[in-house]
Every structure is written in C-alpha cells, then in structure tokens.
Amino acid sequence: MGETLYDKIWGTHVVLTAEDGTSLVYIDRQMIHEVTSPQAFEGLRLAGRRPWRPKANLAVADHNVPTKDRKLGISDPISRLQVETLEKNCAEFGISVFSMADSRQGIVHVVGPEQGFTLPGITLVCGDSHTSTHGALGALAFGIGTSEVEHVLATQCLWLKKSKNMLIRVNGRLGPGVTAKDLVLSVIGKIGTAGGTGYTVEFAGEAISALSIEGRMTVCNMAIEAGARAGLVAVDENTIRYLEGRPLAPKGKLWDQAVAAWLALRSDEDAQFDRVVEINAWEIEPQVTWGTSPEMVAPVTGVVPDPAREPDPVRRKGMERALEYMDLKPGTPIQEIYLDKVFIGSCTNSRIEDLRAAASVIKGRKIASNIKQALVVPGSGQVKAQAEAEGLDKIFRAAGFEWRDPGCSMCLAMNADRLDPGERCASTSNRNFEGRQGFGGRTHLVSPTMAAAAALAGHFVDVRSF
Amino acid sequence: MQAFKRLTSQVIPLDRANVDTDAIIPKQFLKSIRRTGFGPFLFDEWRYLDRGEPDMDCSHRPKNPDFVLNRPEYQGGQILLTRENFGCGSSREHAPWALYDYGIRVIIAPSFADIFYNNCFKNGLLPIVLEGKAVDRLFQEVGPGYALSVDLAAQTITKPDGTVLYFTIDPARKRRLLEGLDDIALTLEHADEIRAFEEQRRKEAPWLYVT
C-alpha cells in the first residue's frame with residue numbers, strides 16, 4: 001500500500017516507538033518568538049540544561065513589536081521586557097535571533113519560508129498554532145506549547161502519536177477574484193473548526209497546484225482553524241523555484257541533492273487517507289465571516305444566517321451568542337455590513353503577493369469616509385522593502401492607508417494596534433474570536449482584495465464586480 | 001510537573017462550544033515571562049465587565065454576575081464541564097496555566113482541540129473526553145453542591161448517586177500525569193538513540209546541517 005506525504009515525513013523522523021505506540025520524533029528545526037519561549041528558557045536554566053543543537057533554532061520577535069516609531073523602542077514596559085528577554089535568552093543559549101532593527105525581522109511564519117529556514121521534508125515546530133503555514137513547502141510543521149518548546153530545545157525531539165491522514169482535494173480552478181483565503185475559509189465553513197482535529201491535512205488538486213507558494217501558505221496557515229495541527233502541500237516545481245537562492249537554502253551540489261530528494265515528497269497514487277473531502281474550486285465565492293468562529297462564514301453574495309433554522313441546540317446557542325456579540329441581525333445582506341477599520345496583514349495574508357493584490361484594487365482610489373483607520377502591516381522587513389521597491393506603499397498611502405513596520409499587529413492586538421469596543425473590522429487575519437483584535441472588537445475575516453475593496457466602499461462589496 | 005491522581009469536587013458548568021484560548025486567557029496577559037499568576041485573569045473578558053490589564057488587582061474589578069465562575073455556588077470548584085472543541089485556537093500554554101492557577105484540575109468535554117489537550121498533560125491538568133450524551137446528562141444534573149469524583153488510575157468518574165462513568169486515556173499520558181514525571185529527563189535517557197538518529201539524518205539530508 002502506498003504512503004501519504006505525511007506518512008513519508010513521519011517515517012523518516014521516528015527515532016523510536018515505545019510499547020504504548022507513542023513515538024519519539026526528531027525535530028529538524030524550531031522557530032522561536034517572544035511570547036511562548038521565556039518560560040521554556042527559564043526551564044532550561046533551572047534544570048541546568050543547554051540546547052541540544054542551538055543551530056536548529058531561529059528566533060524573531062513578532063507578537064509584541066510596535067509597527068510604527070520603532071526608533072523610540074517599545075513603550076509598553078511589559079512588552080519591552082518580553083522582547084528583551086528573548087534577545088537575552090538567545091544570546092545566553094547561542095541561538096540566532098533577528099532583532100527588531102534587523103531588516104529580516106518579521107512574523108515567524110513569514111520569515112521562516114522567506115529565509116529558506118523552512119525546507120521540504122523537514123519537521124518544524126514553533127510555539128504558535130499557525131506553524132501549519134510552513135506545510136505549504138512540504139514540511140511537517142505544527143504548533144506546540146511552551147513545555148514542548150523547552151523539550152525540543154533540550155532534546156531536539158518530541159513524543160508524538162501519529163495523526164490520521166485527511167486529503168482535501170480541490171478540483172478545478174478558482175474563479176477570477178477568488179483567492180486562496182476564500183478557498184480555505186470555504187473549506188473551514190464546510191468541515192467546521194473541529195473537522196480536522198486529529199488529522200494532518202494534505203491539500204491537493206488542480207486548484208492547489210495552481211496556487212503560488214504564498215497562496216499555499218495562506219491555505220496551510222488556516223488548517224489549524226479547521227482543527228488540524230498540520231497542513232501539507234506536495235512539493236512541485238513551484239516549491240523548488242520559490243526556495244532557490246533563499247539565504248538559508250542549500251547551495252551548489254547540496255542544492256541538487258536536496259532537490260532530487262524533495263521532488264519525491266508527494267503522496268503515492270495508491271496512498272490511503274482516513275478521510276477525503278472533495279471541493280469544487282469553481283463553486284467558491286469570495287468569503288466573509290459573520291460570527292466569532294472561522295466556520296461562521298458566508299459568501300459575499302449571501303446573508304447573515306438565522307439561528308432559528310439551526311436544528312442543533314448547542315450550535316444554535318453559539319450562533320445567537322455570536323450574532324449578539326457581532327451586533328448583526330439574521331438576514332442582513334453581507335454587503336450591507338459597514339466597517340470602522342480595515343487590517344491587511346498577519347501570517348495569513350501579509351506576503352508580497354497579498355500586498356500586490358490589495359494594491360491592485362486600491363490603485364488611484366481613496367478609502368471611504370466612514371473608515372477610521374486602515375492599516376497595511378507587511379509580514380517582514382523583506383516584504384516591506386520589496387513592496388516599497390514596487391511602489392506599493394505609495395498606492396496604499398495615497399488611498400489613506402497607514403503603511404507600517406512588520407509584526408503580528410492587529411491580528412491579535414498584543415501591541416498598540418487594536419480595535420476599540422464595538423468597532424467592526426475587515427481583517428485579512430485568521431481568527432474572529434471574541435476580543436481577538438481588541439476588547440469588544442468585531443472581526444470579519446476576508447481576503448486581501450476583499451479587505452481592500454471594503455476599505456474603499458466602507459462596507460463589504462463583491463470584489464469581482466467592484 | 002504536578003501529578004494528578006484523584007479528586008472530588010464541585011462541578012462548574014460552562015455551557016459553550018468552541019471555547020477558544022483567547023477567551024480562556026486574553027492576549028494582553030501573554031506578555032508575562034512567568035508561568036504563574038494567570039488565575040485571576042482566567043476567562044477575563046467574560047468574568048469582568050471592564051477591560052483587564054496585566055498586573056491589575058482583580059479584587060476590585062466589576063464582575064459579570066451572570067458568568068458561572070462568579071456565581072457563589074460554584075466557588076472553589078475544580079472540575080470544569082464544557083462543550084465540544086474546548087481550547088481551540090492558539091497554542092498558548094498560558095491557557096492551561098490559567099486554568100490550573102485558578103484551581104481547575106479536571107476538564108470534561110465531548111472533544112478538545114489537539115494542542116490544548118496536549119498542553120494540559122504537561123501541567124497537571126486532566127482533560128476527559130466523554131460522549132456527547134453523557135456530557136448532556138451531566139449538564140442536566142449539575143447544580144449547586146453537585147460534585148464528581150475523578151480517579152485517574154481507575155479511569156472513572158463517580159456521580160453523587162454512585163453511578164460510575166468510565167473514560168479512556170492514552171496510557172503514556174496517564175502514567176506521566178499519575179507520576180508527575182519530568183518529560184525531558186525521561187527523553188534524555190534516550191540521548192544515545194537520538195544522537196545515532198541524528199548522525200544518520202546528517203548523512204541522508206546533509207543540506208540541513210550546513211547552517
């Protein structure tokens with residue numbers, strides 16, 4: 001019987017399997033950020049341990065960093081302490097860190113692939129659930145808690161039980177104006193936020209092959225919003241082209257050797273999956289979430305659903321709570337939802353392709369008068385520099401957007417970028433949970449082009465006819 | 001790590017599905033570099049009427065009287081009863097730290113999000129998966145004075161009327177939790193095997209070892 005891509009990567013990383021079926025799995029690389037690592041380093045210190053292989057780690061501060069006036073440093077003393085603690089810990093334990101002033105600084109999940117730290121066929125972890133992003137390059141990548149960050153630092157391994165295999169096959173092509181973000185939101189709407197729990201999900205099919213690596217990252221990024229710790233896409237020529245010449249990618253003879261190995265990283269024809277979900281790409285419309293869970297999503301042509309029509313009582317109650325929190329009435333057309341703020345950024349949608357797409361909608365136009373603030377936060381210093389070289393920053397600024405420095409920013413509002421209570425935001429991020437973007441804030445998840453169009457119109461519009 | 005063996009305690013019913021880690025412990029509290037002190041901020045946005053900030057003295061903050069943790073009859077409860085997909089969202093271990101710091105030791109739900117479930121076992125918290133119908137029944141029965149006895153070694157939950165429910169749990173996780181074992185020390189017993197594996201991997205994928 002053939003193997004899935006997940007089976008293959010798993011198989012090449014098992015150090016040993018205990019009698020109870022748990023395996024000690026070797027972790028090739030770990031990314032570290034300031035929020036989930038201080039207690040891990042403290043644990044090492046208290047136990048008198050050193051990292052197993054310091055060079056297997058790369059650290060960057062992203063969650064807490066300010067996105068403007070960086071020269072002034074971090075004004076919030078608690079955030080500043082956390083970022084300084086990361087740098088001190090990395091110095092003490094011999095780990096590479098991109099500091100806030102480094103042009104390579106950015107969101108971990110943008111930086112890893114961009115630097116070629118993420119490579120096909122590796123196991124990669126980070127104390128962050130959106131580590132699933134890196135699966136777009138054919139790496140087995142997943143989020144872990146702080147105890148496991150410490151465990152990986154100390155042993156370069158994790159105890160794991162193998163997940164089940166799920167295949168999400170996206171047939172045909174996405175229509176014009178429909179993006180990777182719409183694709184993944186529609187998948188989550190279909191299988192639910194717990195649909196992928198216990199699985200590693202491989203995304204395949206014509207629509208996935210047709211996506212750029214950036215687009216695949218958007219899809220894998222949100223695998224966790226469907227409950228799957230890891231998302232995967234098979235390696236193809238796009239993957240190889242994306243990686244060639246990246247600073248940490250192999251060079252010369254090693255590159256050739258690596259490429260030969262990487263091109264075998266795909267599921268066998270006769271591989272068995274525990275669950276297969278088929279999606280038709282051409283049926284997907286631009287998506288907008290209306291509730292407080294990513295599965296609460298509707299096409300832009302649709303309306304806010306009516307909880308009264310939901311037969312399951314627990315789900316009905318969840319919908320009622322969500323509508324109350326979101327201050328929305330059942331039956332309201334999605335396109336009549338007016339907005340206060342727009343956020344283009346996050347590890348889901350802050351790469352150069354995302355910024356190009358948003359800028360193409362915005363070019364020569366102005367944001368609507370009801371929009372109090374519109375932010376563009378590039379995913380990394382490299383993305384920012386590239387966008388500026390292409391003049392995208394001028395397009396955004398001329399339209400009334402603020403052009404910021406890289407970080408997680410308003411995706412989770414740990415820094416100063418946030419919603420005030422009651423404010424409504426079109427956001428290209430990944431979570432619309434209560435309070436996620438600020439206490440009492442209301443988040444609608446959309447693609448970069450949908451966010452851009454909403455900023456111009458002041459309410460949601462169908463970007464396909466905008 | 002703290003071990004967990006058995007416990008008899010009042011049950012706190014939190015009748016919501018998809019309780020996410022942002023709800024369990026909002027992001028502003030993640031700025032701490034410690035593992036403790038999160039308990040007062042557990043479910044902060046549901047529990048208090050004002051906006052919480054790190055290092056606040058919570059004793060004077062306005063409480064939401066409708067939220068279950070604020071009801072006098074559930075004070076001191078150590079077993080949380082909740083719905084599907086508890087702990088979804090981020091990987092923040094601050095979520096189990098906050099639950100533990102508040103005093104919760106057992107969480108009963110029909111399902112948990114993977115990363116959260118895994119994180120519980122690293123922190124002396126026992127997440128128990130029960131069938132949806134059993135959870136429905138517990139929700140019908142629970143109220144002031146309703147206590148359950150949880151015995152990890154026997155994998156049982158005993159109701160006030162003496163009815164016993166059995167739950168399943170991975171044997172490795174059970175053993176580690178019962179004994180409160182240090183995972184890293186256990187793994188380092190395999191250091192030679194890890195080194196041998198690494199040598200092999202260095203030969204098979206030498207490009208991973210140049211930087």
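The values are calculated or read from the model by the stated rules, or taken from the named source; none is laboratory data. Because the structure is predicted, anything quoted here is derived from the model rather than measured. Backbone-built Cβ (ideal geometry, glycine too); neighbour counts: all protein chains shown. Accessible surface areas use protein heavy atoms only, side chains included; no ligands, DNA or RNA. Shrake-Rupley method; radii C 1.70, N 1.55, O 1.52, S 1.80 Å.
Descriptive notes on the structure:
- All of A:Asp312, A:Asp270, A:Asp256, A:Asp236 fail the test of being in contact (Cβ under 8 Å) with a residue 40 or more places away in the chain and either open to solvent by 40 Å² or more (accessible area, probe 1.4 Å) or within 27 Å of A:Ala136 (Cα to Cα) (or both), apart from A:Asp270.
- Among (1) surrounded by fewer than 24 Cβ atoms within 10 Å (Cβ to Cβ); (2) on the phi < 0 side of the Ramachandran plot; (3) in contact (Cβ under 8 Å) with a residue 12 or more places away in the chain, the one test that A:Met222 misses: (1)
- Residue check, B:Met56 outside the structural domain of B:Val135 (by TED's automatic domain parsing), open to solvent by 10 Å² or more (accessible area, probe 1.4 Å), at pLDDT below 95 and of a type outside the set (Val, Ile, Thr): no
- When every residue of the range A:42-63 is checked against the conditions, at least one turns out to be within 8 Å of chain B (Cβ to nearest Cβ) and over 27 Å from B:Arg173 (Cα atoms).
- Within the range A:156-201, if we keep just the residues that are of a type in the set (D, E, K, R) and not in a loop (DSSP other than H, G, I, E, B), the residue that is most open to solvent (accessible area, probe 1.4 Å) turns out to be A:Lys190.
- Filtering the range B:18-51 to residues that are out of contact with any strand residue (DSSP E or B) (no Cβ under 8 Å at 6 or more places or on another chain) and aliphatic (A, V, I, L, M) leaves B:Ala23, B:Ile24, B:Ile25, B:Leu30, B:Ile33, B:Leu42.
- Among the conditions (1) among the acidic types (Asp, Glu); (2) away from chain A (no Cβ under 14 Å); (3) not in a helix (DSSP H, G or I), B:Glu73 misses just one, which is (3).
- Assessment of the range A:51-71 against the conditions (buried (at least 24 other Cβ atoms within 10 Å of the Cβ) and polar (S, T, N, Q)) yields at least one matching residue.
- Residues of the range A:232-278 satisfying the condition of being among the polar types (S, T, N, Q) and within 12 Å of another protein chain (Cβ to nearest Cβ): A:Gln257
- Criterion: of a type outside the set (Asp, Glu) and assigned by TED's automatic domain parsing to the domain that holds B:Leu81 - qualifying residue of B:Ala191, B:Ala172, B:Ala205: B:Ala172
- In the range A:328-344 there is no residue matching the filter, namely being under 25 Å from the mean Cα position of the chain (by Cα) and of a type in the set (S, T, N, Q).
- Here the condition is being closer than 28 Å to A:Asn415 by Cα and either modelled with pLDDT of 95 or more or not basic (Lys, Arg) (or both); of A:Pro54, A:Pro38, it holds for A:Pro38 alone.
- Positions within the range B:174-197 being more than 7 Å from chain A (Cβ to nearest Cβ), of a type in the set (D, E, K, R) and part of a helix (DSSP H, G or I), in sequence order: B:Lys174, B:Arg175, B:Arg176, B:Glu179, B:Asp192, B:Arg195
- Whichever residue in the range A:412-436 is among the basic types (Lys, Arg) and in a loop (DSSP other than H, G, I, E, B) and, among such residues, is surrounded by the fewest Cβ atoms within 10 Å (Cβ to Cβ): A:Arg418
- Considering the conditions (1) of a type outside the set (Phe, Trp, Tyr); (2) surrounded by 21 or more Cβ atoms within 10 Å (Cβ to Cβ); (3) more than 14 Å from chain B (Cβ to nearest Cβ), A:Asn370 is excluded by exactly one of them, (2).
- Number of the exception - B:Ile108 against (1) under 17 Å from B:Thr8 (Cα atoms); (2) more than 10 Å from the chain's Cα centre (by Cα): (2)
- Looking across the range B:174-190, the residues that are open to solvent by less than 20 Å² (accessible area, probe 1.4 Å) and either under 17 Å from the mean Cα position of the chain (by Cα) or touching a residue at least 60 places away in the same chain (Cβ under 8 Å) (or both) come down to B:Leu177, B:Gly180.
- Condition check for A:Arg241: open to solvent by 10 Å² or more (accessible area, probe 1.4 Å) and either in a helix (DSSP H, G or I) or within 29 Å of A:Val304 (Cα to Cα) (or both): yes
- Residues located in the range A:117-142, provided they are under 21 Å from A:Asn349 (Cβ atoms) and within 10 Å of another protein chain (Cβ to nearest Cβ): A:Phe117, A:Cys126, A:Asp128, A:Ser129, A:His130, A:Thr131, A:Phe142
- Check on B:Pro65, open to solvent by 60 Å² or more (accessible area, probe 1.4 Å), more than 21 Å from B:Arg6 (Cα to Cα) and more than 14 Å from chain A (Cβ to nearest Cβ): yes
- Any hit, the range B:91-112, residues being within 9 Å of chain A (Cβ to nearest Cβ), of a type outside the set (Ser, Thr, Tyr), within 30 Å of B:Ser32 (Cα to Cα) and touching a strand residue (DSSP E or B) at 6+ places or on another chain (Cβ under 6 Å): yes
- Check on B:Pro96, assigned by TED's automatic domain parsing to the domain that holds B:Leu152, in a helix (DSSP H, G or I) and touching a Cys at 6+ places or on another chain (Cβ under 8 Å): yes
- Residues of the range B:133-173 satisfying the condition of being within 19 Å of B:Lys122 (Cα to Cα), away from chain A (no Cβ under 14 Å) and open to solvent by less than 30 Å² (accessible area, probe 1.4 Å): B:Val150, B:Leu152
- Under the condition of being among the small types (Gly, Ala, Ser), under 25 Å from A:Ala59 (Cβ atoms) and outside any helix (DSSP H, G or I), the residues counted in the range A:371-410 number 3.
- Verdict on B:Glu84 being open to solvent by 40 Å² or more (accessible area, probe 1.4 Å), among the charged types (D, E, K, R) and away from chain A (no Cβ under 14 Å): no
- Against the test of being in contact with a strand residue (DSSP E or B) (Cβ under 8 Å, 6 or more places away or on another chain) and small (Gly, Ala, Ser), the options A:Ala249, A:Ala258, A:Ala281, A:Ala264 yield a single qualifying residue, A:Ala281.
- Among the residues making up the range A:1-36, those that are open to solvent by 30 Å² or more (accessible area, probe 1.4 Å), away from every other protein chain (no Cβ under 11 Å), out of contact with any strand residue (DSSP E or B) (no Cβ under 6 Å at 6 or more places or on another chain) and not basic (Lys, Arg) are A:Met1, A:Gly11.
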